[in-house]
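To start, the structure under review is shown below, and the notes come after it.
Derivation of every value follows stated rules applied to the coordinates shown; laboratory data play no part. All figures in this text were calculated on a predicted structure; none of them were measured in a lab. For neighbour counting, all protein chains shown are included, and Cβ atoms are generated from backbone atoms with ideal geometry for every residue, glycine included.
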Amino acid sequence: MDFLRPASWEEALAAKAEHPTAVPIAGGTDVMVEINFDHRRPAYLLDLNRIGDLAEWEVGERTVRLGASVPYTRIMENLRTELPGLALAAHTVASPQIRNRGGVGGNLGTASPAGDAHPPLLATGGAVEAESVRGVRMIPVDDFYVGVKRNALAPDELIRAVHLPKADGPQQFSKVGTRNAMVIAVCAFALALHPETRTVRTGIGSAAPTPVRARAAEEFLTAALADGGFWESGHPLPPSVARQFAQLAAGACNPIDDVRGSARYRRHAVGVMARRTLGWTWESYRGRAHGSQGGAQCA
Amino acid sequence: MRVTCTVNGREQRADDVWEGESLLYVLRERMGLPGAKNACEQGECGSCTVRLDGVPVCACLVAAGQAEGRDVVTVEGLADFARQRDGSGEPGELAPVQRAFIDAGAIQCGFCTPGLLVAADELLERNDSPSDADIREALSGNLCRCTGYEKILDAVRLAAARGTARTTGQGA
Ligand SMILES: Cc1cc2nc3c(=O)[nH]c(=O)nc-3n(C[C@H](O)[C@H](O)[C@H](O)COP(=O)(O)OP(=O)(O)OC[C@H]3O[C@@H](n4cnc5c(N)ncnc54)[C@H](O)[C@@H]3O)c2cc1C
Ligand code: FES
Ligand code: FES
């Protein structure tokens with residue numbers, strides 16, 4: 001095995017071009033587990049820790065450019081306002097030690113259906129900035145997950161950053177697991193309200209071969225909110241709307257039975273999380289936009 | 001490959017390190033520092049917790065080569081580290097958090113202790129009067145199979161209370 005230690009982004013791209021099988025290592029919280037257990041014996045490890053700007057982020061006018069290696073801890077601490085859904089999800093990842101090392105670039109690299117960054121990324125929308133010596137490519141988040149633990153990166157590409165729109169409305173993330181720390185999602189759900197465009201977007205984790213959006217649920221809710229004039233009135237949503245949204249979200253799942261949960265349970269839980277996150281975000285929207293008291297956070 | 005880094009304030013070098021080796025292995029097997037424990041090698045238990053450039057991490061998930069040129073603190077160096085940081089205590093004395101673990105009876109088999117000490121010390125560095133929720137959160141990456149955690153929580157509360165008493169006593 002060779003340990004490649006590029007000191008700059010350009011060097012990293014050159015190394016990846018020369019050795020396309022080289023395995024990038026950022027926080028190492030996925031890669032090292034595989035090496036420790038001999039599940040993976042790459043010929044080259046490509047260390048990204050020395051490339052400082054991968055751990056930085058920029059908050060622009062409308063978007064956040066999040067460096068691939070910004071640790072979850074930094075996201076939780078610094079980007080709560082701009083990226084509330086991702087910040088909530090980051091807080092549910094593993095433990096402080098893991099959150100101090102792991103980041104979104106690694107989560108995207110692994111592309112596990114259970115990765116907690118994926119549902120909020122799908123719900124906010126945005127793009128992955130992938131680069132190789134051949135050039136830069138912006139891959140929409142929607143096109144990034146192509147199969148079970150497979151992503152759209154070419155062998156010579158590295159992720160430099162993720163570009164995410166700043167929140168224009170409330171966002172929520174919910175995850176089912178057996179305890180509050182150190183838990184791989186049984187399933188997870190993210191919801192983002194986008195009052196500017198009068199749309200909603202969702203992301204589901206661990207309930208299909210890849211992270212997915214609940215598109216039918218999004219379309220239904222977007223139409224229901226528009227038809228009922230809810231964005232303008234800020235009225236409470238009728239239970240029938242929440243129920244239908246939940247049902248359609250559950251219907252977007254294509255889960256399996258495994259040790260963490262049965263397919264039936266996952267479908268049910270996604271419906272419950274859809275209804276709850278809708279309740280939370282809508283109350284918050286009403287509170288912000290219409291000065292209502294906003295009820296207790298309880299579904 | 002060769003790996004050179006600062007461990008507990010001293011420059012350490014290890015030769016013939018395999019490229020896939022973890023920082024934990026290098027510390028324990030090549031640098032003679034078995035304080036950080038190896039229990040799971042998959043980030044689940046926290047018994048290998050060390051500070052890497054000040055940040056608490058699982059040493060089992062840091063590739064040895066990633067530690068090149070960086071600063072590591074293990075439980076062996078915790079007392080010196082705390083003394084220099086806090087500007088109190090005598091050489092050879094335990095760190096306040098270590099003292100508190102003993103006094104509170106927070107140690108049974110002791111396997112989890114080094115990781116918990118490093119994590120708890122870092123919590124108190126950030127937050128000198130943590131709530132119970134803060135303590136639980138900060139220690140949520142450290143498993144203990146013996147104590148049932150209550151005495152560990154006691155120990156952290158005790159260390160915090162003593163720390164606050166000390167600084168108040170100094171009029172700080
Ligand atoms: C105990 C434990 C608990 C965990 N719990 C959770 C959890 O609750 N939720 C969750 O989502 N994840 C969890 N994980 C998984 C892991 O922490 C996350 O997937 C994390 O985001 C990985 O980030 P990293 O920087 O450590 O990735 P690394 O391990 O460094 O890399 C992961 C993958 O991405 C590739 N990669 C990394 N950076 C780049 C880049 N810039 N360009 C291209 N490819 C790249 C690597 O080659 C590798 O294939 C857990 C892991 C452990 C050990
Ligand atoms: S040995 Fe590193 S976390 Fe368990
Ligand atoms: S004292 Fe035995 S594992 Fe904690």
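Tabulated data
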| item | result |
| --- | --- |
| Anisotropy class of segment A:1-72 from Cα gyration tensor, a/c 1.5 cut | oblate |
| Alpha carbon centroid spacing (whole Å) that separates segment B:48-74 from segment A:163-188 | 28 Å |
| Exposed-site-free run, longest, chain A (rule: GluC sites (Glu not before Pro); DSSP loop; at most 14 other C-beta within 10 Å) | A:62-195 |
| Residue-wise HN-Hα coupling along segment B:129-142, computed from phi with Karplus coefficients 6.51, -1.76, 1.60 (Hz; x: Gly, Pro) | 9, x, 6, 4, 5, 4, 5, 4, 5, 5, 9, 5, x, 10 |
| Distance in nm between pseudo-label sites at residue A:226 and residue B:71 (7 Å out along the Cβ direction from Cα) | 5.6 nm |
| Degrees, to the nearest 10: A:9-18 long Cα axis against longest axis of chain A | 70 degrees |
| Cα centroid separation - segment A:212-279 against segment B:104-141, whole Å | 40 Å |
| For B:164, B:49, A:210, order by how many other beta-carbon atoms lie within 10 Å, fewest first | B:164, A:210, B:49 |
| Shape of the protein assembly as shown, Cα gyration tensor, a/c cut at 1.5 | oblate |
| Between helix B:113-126 and chain B: long-axis angle, C-alpha atoms, 0 to 90°, nearest 10 | 60 degrees |
| Footprinting exposure proxy for B:146, B:112 (fewest neighbouring C-beta atoms within 10 Å first) | B:146, B:112 |
| Which of A:138, A:182 has the fewest Cβ neighbours within 10 Å, and the rest in rising order | A:138, A:182 |
| For segment B:3-74, size of Cβ-based charge dipole, Lys and Arg +1, Asp and Glu -1, in debye | 300 debye |
| Structure-based [θ]222 nm, chain A - -39500 (n - 2.57) summed over DSSP H runs of at least 4, per residue, nearest 500 | -10500 deg cm²/dmol |
| Principal-axis tilt of helix B:150-169 within chain B, Cα atoms, nearest 10 degrees | 70 degrees |
| Global geometry of segment B:36-78, whether rounded, prolate or oblate, following the gyration tensor of its Cα atoms and the 1.5 cut on a/c | oblate |
